[in-house]
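Input: a single structure, listed below in structure tokens.
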Amino acid sequence: LYTTSSNTGDRTLGNEVLVYDGVSGQFRGGFGEANNAQSGLLNPTGIKFGPDGNLYVASGYTSQILRYNGKTGKFMGIYATRNNGYPNNLVPADLPVSDFTVLVFGPDSDLYVTSLLENNMQGAVLRYAGPRSAKPGQFK
């Protein structure tokens, strides 16, 4: 069982992917490099394993989708970002809401992401090319 942990009061704490045993509920630890210190993960919200077996995590305060090796947790890089994505840890303190929240891979294997900052804070669903496409992570 994979879940996210964030600390919006102190952005240097938490902000990681945690692993629990799916049967016993026992805490297994952090998932590889899926944390703020090693990959710049800030306010992780959406989390989803992709059709390629890798883990995709919405970094809400950086408006990025980060990709991790699905077995080892090694950070593979930024998969997708908004044009106004903030550099790691330089997010304005008055950012009104976390941007990216929910991730879903569609039957077309593209990645659909909810963004709360689109359309004057009304929100929207953004679409990015799936991991098996010719240009993975490209905004469509």
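General remarks:
- Inter-site label distance for ALA124 and GLN26 at 7 Å from Cα along Cβ, in nm: 4.7
- Calculated FRET efficiency, THR3 to SER133, Cβ-Cβ distance, R0 = 35 Å: about 0.80 to the nearest 0.05.
Read the figures in this text as sums done on the coordinates, not as results from a lab. Keep in mind it's a predicted model, so treat the numbers as computed, not measured. Note that each Cβ is placed from the backbone with ideal geometry, even for glycine, and that neighbours are counted across all protein chains shown.
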